[in-house]
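Novice: This structure is in C-alpha coordinates; I'll ask about it shortly.
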Amino acid sequence: MENGKFIVFEGIEGSGKTVQTKEFYNFILARGKEAIMTEQPWEEDAIGRLIREELKDKTDAISTVTLQFLFIANRSNHVEKLIGPSLKAGKTVIADRYWMSTAAYGSTLSEETGIDMDYFIAIHKVFPKPDILFFIDVDPNTAYERITERGVQRSINGGVKRERFDKLDTLKLLHHNYKKLEKKYDGLWININGNRDKETINKEIIKRYDELLK
(Lines give C-alpha, C1' and ligand atoms only; values in the text may rest on other atoms or scores of the structure.)
Protein backbone atom coordinates (compact mmCIF):
# COMPACT_ATOMS: atom_id res chain seq x y z
CA MET A 1 0.00 0.00 0.00
CA GLU A 2 1.24 3.45 -0.92
CA ASN A 3 1.78 5.83 1.96
CA GLY A 4 -0.66 8.70 2.38
CA LYS A 5 0.22 12.33 1.81
CA PHE A 6 1.38 14.49 4.72
CA ILE A 7 0.17 18.10 4.46
CA VAL A 8 1.21 20.69 7.04
CA PHE A 9 -0.15 24.19 7.66
CA GLU A 10 2.08 26.75 9.37
CA GLY A 11 1.87 30.42 10.26
CA ILE A 12 2.06 32.91 13.09
CA GLU A 13 -0.83 33.28 15.51
CA GLY A 14 -3.70 35.12 13.85
CA SER A 15 -2.72 33.98 10.36
CA GLY A 16 -5.89 31.95 9.85
CA LYS A 17 -4.01 28.67 9.41
CA THR A 18 -6.39 26.72 11.65
CA VAL A 19 -9.37 27.78 9.54
CA GLN A 20 -7.52 26.80 6.39
CA THR A 21 -6.47 23.46 7.90
CA LYS A 22 -10.13 22.62 8.56
CA GLU A 23 -11.26 23.81 5.13
CA PHE A 24 -8.61 21.71 3.40
CA TYR A 25 -9.53 18.67 5.47
CA ASN A 26 -13.18 19.01 4.41
CA PHE A 27 -12.05 19.37 0.79
CA ILE A 28 -10.03 16.14 0.96
CA LEU A 29 -12.96 14.27 2.53
CA ALA A 30 -15.29 15.61 -0.16
CA ARG A 31 -13.01 14.02 -2.75
CA GLY A 32 -13.61 10.66 -1.14
CA LYS A 33 -10.16 10.24 0.38
CA GLU A 34 -9.44 8.87 3.82
CA ALA A 35 -7.94 11.61 5.95
CA ILE A 36 -7.25 12.69 9.48
CA MET A 37 -6.87 16.23 10.80
CA THR A 38 -4.62 16.80 13.77
CA GLU A 39 -2.74 19.59 15.51
CA GLN A 40 0.26 20.29 17.69
CA PRO A 41 0.47 20.28 20.60
CA TRP A 42 -1.15 16.84 20.47
CA GLU A 43 -3.35 16.76 23.54
CA GLU A 44 -3.80 12.98 23.67
CA ASP A 45 -0.88 12.66 26.08
CA ALA A 46 0.07 14.37 29.35
CA ILE A 47 2.86 16.38 27.71
CA GLY A 48 0.48 17.95 25.22
CA ARG A 49 -2.00 18.88 27.94
CA LEU A 50 0.80 20.46 29.98
CA ILE A 51 1.93 22.49 26.97
CA ARG A 52 -1.59 23.77 26.36
CA GLU A 53 -1.84 24.99 29.94
CA GLU A 54 1.53 26.71 29.72
CA LEU A 55 0.49 28.53 26.55
CA LYS A 56 -2.27 30.35 28.41
CA ASP A 57 0.17 33.03 29.55
CA LYS A 58 -0.52 32.87 33.26
CA THR A 59 2.81 32.51 35.05
CA ASP A 60 5.25 31.42 32.32
CA ALA A 61 6.56 28.87 34.84
CA ILE A 62 8.23 26.98 31.98
CA SER A 63 10.71 28.94 29.84
CA THR A 64 10.17 29.36 26.11
CA VAL A 65 13.11 27.10 25.24
CA THR A 66 12.04 24.39 27.70
CA LEU A 67 8.56 24.61 26.24
CA GLN A 68 9.94 23.85 22.78
CA PHE A 69 11.68 20.72 24.10
CA LEU A 70 8.34 19.63 25.52
CA PHE A 71 6.89 20.15 22.05
CA ILE A 72 9.59 17.88 20.60
CA ALA A 73 8.78 15.12 23.09
CA ASN A 74 5.07 15.51 22.42
CA ARG A 75 5.73 15.49 18.66
CA SER A 76 7.70 12.26 18.92
CA ASN A 77 4.73 10.59 20.58
CA HIS A 78 2.36 12.16 18.06
CA VAL A 79 4.36 10.78 15.13
CA GLU A 80 4.72 7.32 16.68
CA LYS A 81 1.12 6.91 17.78
CA LEU A 82 -0.89 8.74 15.11
CA ILE A 83 0.89 10.40 12.19
CA GLY A 84 3.19 7.53 11.20
CA PRO A 85 0.56 4.75 11.38
CA SER A 86 -1.99 6.89 9.51
CA LEU A 87 0.44 7.60 6.67
CA LYS A 88 1.36 3.92 6.42
CA ALA A 89 -2.36 3.10 6.22
CA GLY A 90 -2.61 5.31 3.14
CA LYS A 91 -4.49 8.15 4.80
CA THR A 92 -3.91 11.83 4.09
CA VAL A 93 -2.66 13.48 7.27
CA ILE A 94 -3.41 17.20 7.59
CA ALA A 95 -1.63 18.91 10.48
CA ASP A 96 -2.11 22.31 12.06
CA ARG A 97 1.56 23.00 12.96
CA TYR A 98 4.57 20.71 12.91
CA TRP A 99 8.26 21.01 13.77
CA MET A 100 8.63 24.28 11.83
CA SER A 101 6.80 25.98 14.69
CA THR A 102 9.46 24.79 17.12
CA ALA A 103 12.22 26.08 14.83
CA ALA A 104 10.55 29.50 14.57
CA TYR A 105 9.38 29.85 18.17
CA GLY A 106 12.33 28.15 19.85
CA SER A 107 14.87 30.39 18.17
CA THR A 108 13.22 33.62 19.35
CA LEU A 109 15.67 33.59 22.28
CA SER A 110 18.69 32.26 20.39
CA GLU A 111 20.94 35.17 21.40
CA GLU A 112 20.16 34.52 25.04
CA THR A 113 20.25 30.72 25.03
CA GLY A 114 22.75 29.94 22.28
CA ILE A 115 20.25 27.48 20.76
CA ASP A 116 19.72 28.59 17.17
CA MET A 117 17.35 27.60 14.40
CA ASP A 118 19.83 25.19 12.83
CA TYR A 119 19.82 23.13 16.02
CA PHE A 120 16.05 22.74 15.92
CA ILE A 121 16.18 21.86 12.22
CA ALA A 122 18.80 19.18 12.85
CA ILE A 123 17.00 17.57 15.78
CA HIS A 124 13.90 17.04 13.63
CA LYS A 125 15.59 15.22 10.75
CA VAL A 126 14.35 11.91 12.19
CA PHE A 127 10.72 13.00 11.83
CA PRO A 128 8.64 12.37 8.68
CA LYS A 129 8.97 15.13 6.09
CA PRO A 130 5.73 16.77 4.89
CA ASP A 131 4.85 16.30 1.24
CA ILE A 132 3.60 19.89 1.16
CA LEU A 133 3.95 22.72 3.66
CA PHE A 134 1.48 25.59 3.25
CA PHE A 135 2.71 28.71 5.04
CA ILE A 136 -0.14 31.19 5.56
CA ASP A 137 1.78 34.43 5.27
CA VAL A 138 0.13 37.32 7.13
CA ASP A 139 1.45 40.74 8.07
CA PRO A 140 2.10 40.70 11.86
CA ASN A 141 0.05 43.87 12.39
CA THR A 142 -2.95 42.27 10.68
CA ALA A 143 -2.45 39.11 12.73
CA TYR A 144 -2.34 41.13 15.93
CA GLU A 145 -5.60 42.91 15.05
CA ARG A 146 -7.26 39.53 14.49
CA ILE A 147 -5.94 38.19 17.81
CA THR A 148 -7.19 41.28 19.62
CA GLU A 149 -10.67 40.87 18.13
CA ARG A 150 -10.62 37.16 18.94
CA GLY A 151 -9.62 37.99 22.50
CA VAL A 152 -12.56 40.36 22.87
CA GLN A 153 -14.94 37.65 21.70
CA ARG A 154 -13.41 35.07 24.02
CA SER A 155 -13.67 37.49 26.91
CA ILE A 156 -17.36 38.03 26.20
CA ASN A 157 -17.87 34.28 26.16
CA GLY A 158 -15.77 33.71 29.28
CA GLY A 159 -12.82 32.14 27.48
CA VAL A 160 -9.07 32.67 27.53
CA LYS A 161 -8.05 36.12 26.28
CA ARG A 162 -4.45 35.57 25.14
CA GLU A 163 -1.77 32.93 24.85
CA ARG A 164 1.93 33.38 25.55
CA PHE A 165 3.03 34.40 22.05
CA ASP A 166 0.12 36.71 21.20
CA LYS A 167 2.14 39.94 21.44
CA LEU A 168 2.92 42.22 18.50
CA ASP A 169 6.70 42.29 18.99
CA THR A 170 6.73 38.49 19.26
CA LEU A 171 4.58 38.11 16.15
CA LYS A 172 7.01 40.29 14.18
CA LEU A 173 9.98 38.23 15.35
CA LEU A 174 8.18 34.96 14.58
CA HIS A 175 7.30 36.15 11.09
CA HIS A 176 10.96 37.03 10.55
CA ASN A 177 12.00 33.59 11.81
CA TYR A 178 9.58 31.79 9.50
CA LYS A 179 10.92 33.68 6.49
CA LYS A 180 14.44 32.77 7.59
CA LEU A 181 13.38 29.13 7.99
CA GLU A 182 11.89 29.09 4.50
CA LYS A 183 15.36 29.66 3.04
CA LYS A 184 16.76 26.77 5.06
CA TYR A 185 13.87 24.34 4.63
CA ASP A 186 14.60 21.20 2.65
CA GLY A 187 11.18 20.45 1.23
CA LEU A 188 8.16 21.81 -0.62
CA TRP A 189 7.28 25.14 1.06
CA ILE A 190 4.31 27.00 -0.47
CA ASN A 191 3.67 30.60 0.58
CA ILE A 192 0.02 31.61 0.62
CA ASN A 193 -1.00 35.27 1.01
CA GLY A 194 -3.13 35.20 4.15
CA ASN A 195 -4.09 38.88 4.10
CA ARG A 196 -7.16 38.10 1.97
CA ASP A 197 -10.59 36.66 2.78
CA LYS A 198 -10.66 33.00 3.79
CA GLU A 199 -12.61 31.84 0.71
CA THR A 200 -10.01 33.27 -1.68
CA ILE A 201 -7.20 31.74 0.36
CA ASN A 202 -8.92 28.34 0.36
CA LYS A 203 -9.34 28.41 -3.42
CA GLU A 204 -5.67 29.17 -3.94
CA ILE A 205 -4.59 26.36 -1.61
CA ILE A 206 -6.74 23.86 -3.51
CA LYS A 207 -5.44 25.16 -6.84
CA ARG A 208 -1.81 24.85 -5.73
CA TYR A 209 -2.48 21.38 -4.31
CA ASP A 210 -4.04 20.15 -7.56
CA GLU A 211 -1.18 21.61 -9.60
CA LEU A 212 1.35 19.77 -7.46
CA LEU A 213 -0.52 16.48 -7.79
CA LYS A 214 -0.21 16.72 -11.57
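Novice: When the stretch 91-113 is examined, which residues are found to be touching a strand residue (DSSP E or B) at 6+ places or on another chain (Cβ under 8 Å), over 13 Å from Gln40 (Cα atoms) and charged (D, E, K, R)?
Specialist: Selection gives Lys91 alone.
Novice: In this structure, is Glu23 under 28 Å from Thr170 (Cβ atoms), surrounded by fewer than 16 Cβ atoms within 10 Å (Cβ to Cβ) and touching a residue at least 24 places away in the same chain (Cβ under 8 Å)? So that I can check it myself, show each step before the final result.
Specialist: Details: under 28 Å from Thr170 (Cβ atoms): yes; surrounded by fewer than 16 Cβ atoms within 10 Å (Cβ to Cβ): no; touching a residue at least 24 places away in the same chain (Cβ under 8 Å): yes.
No; evaluated as a whole, the condition is false for this residue.
Novice: Give the number of residues within the stretch 26-75 that are of a type in the set (S, T, N, Q), within 18 Å of Asp96 (Cβ to Cβ) and more than 15 Å from the chain's Cα centre (by Cα).
Specialist: Applying the first criterion (of a type in the set (S, T, N, Q)) to the stretch 26-75 yields 26, 38, 40, 59, 63-64, 66, 68, 74.
Narrowing the set further to residues that are within 18 Å of Asp96 (Cβ to Cβ) leaves 26, 38, 40, 68, 74.
Pick out the ones that are also more than 15 Å from the chain's Cα centre (by Cα) and you get 26.
Residues in the stretch 26-75 being of a type in the set (S, T, N, Q), within 18 Å of Asp96 (Cβ to Cβ) and more than 15 Å from the chain's Cα centre (by Cα): 1 in total.
Novice: Please specify each residue of the stretch 26-66 satisfying the condition of being among the small types (Gly, Ala, Ser), surrounded by fewer than 14 Cβ atoms within 10 Å (Cβ to Cβ) and within 29 Å of Tyr209 (Cβ to Cβ).
Specialist: Our first condition is that a residue be among the small types (Gly, Ala, Ser); within the stretch 26-66, this holds for 30, 32, 35, 46, 48, 61, 63.
Adding the requirement that they be surrounded by fewer than 14 Cβ atoms within 10 Å (Cβ to Cβ) leaves 30, 32, 46, 61, 63.
If the condition is that a residue be among the small types (Gly, Ala, Ser), surrounded by fewer than 14 Cβ atoms within 10 Å (Cβ to Cβ) and within 29 Å of Tyr209 (Cβ to Cβ), then Ala30, Gly32 are the ones that fit.
Novice: Filter the stretch 67-124 down to the residues that are among the hydroxyl-bearing types (Ser, Thr, Tyr), closer than 16 Å to Ile7 by Cβ and surrounded by 23 or more Cβ atoms within 10 Å (Cβ to Cβ) and list them by number.
Specialist: Of the residues in the stretch 67-124, the ones among the hydroxyl-bearing types (Ser, Thr, Tyr) are 76, 86, 92, 98, 101-102, 105, 107-108, 110, 113, 119.
Remaining after also requiring closer than 16 Å to Ile7 by Cβ: 86, 92, 98, 101.
Correct list: Tyr98, Ser101.
Novice: Please count how many residues of the stretch 1-25 are of a type in the set (D, E, K, R), under 14 Å from the mean Cα position of the chain (by Cα) and assigned to a helix (DSSP H, G or I). So that I can check it myself, show each step before the final result.
Specialist: Of all residues in the stretch 1-25, those of a type in the set (D, E, K, R) come to 2, 5, 10, 13, 17, 22-23.
Right, trim to under 14 Å from the mean Cα position of the chain (by Cα) and you get 10, 13, 17, 22.
Of the ones still in play, those that are also assigned to a helix (DSSP H, G or I) are 17, 22.
Adding up the residues that qualify gives 2.
Novice: If Arg150 satisfies all but one of (1) surrounded by fewer than 15 Cβ atoms within 10 Å (Cβ to Cβ); (2) more than 22 Å from Val8 (Cα to Cα), what's the number of the condition it fails?
Specialist: It fails just one condition, (1).
Novice: I've got another one for you. Name the one entry in Leu55, Leu29 that is under 30 Å from Glu199 (Cβ atoms) and modelled with pLDDT under 95. Outline the logic, then answer.
Specialist: On the way: Leu29 fails: modelled with pLDDT under 95.
Result: Leu55 is the single residue among Leu55, Leu29 that is under 30 Å from Glu199 (Cβ atoms) and modelled with pLDDT under 95.
Novice: Does any residue of the stretch 173-188 turn out to be modelled with pLDDT of 95 or more, acidic (Asp, Glu) and not in a loop (DSSP other than H, G, I, E, B)?
Specialist: There is at least one residue in the stretch 173-188 that is modelled with pLDDT of 95 or more, acidic (Asp, Glu) and not in a loop (DSSP other than H, G, I, E, B).
Novice: Does Arg164 satisfy the criteria of being at pLDDT below 90, closer than 19 Å to Glu53 by Cβ and assigned to a helix (DSSP H, G or I)?
Specialist: On the way: at pLDDT below 90: yes; closer than 19 Å to Glu53 by Cβ: yes; assigned to a helix (DSSP H, G or I): no.
Criteria not met by Arg164.
The values are calculated or read from the model by the stated rules, or taken from the named source; none is laboratory data. Keep in mind that what you see is a predicted model, and the values were worked out from it rather than measured. Counting neighbours? That spans all protein chains shown, and the Cβs are built from the backbone with ideal geometry, glycine included.
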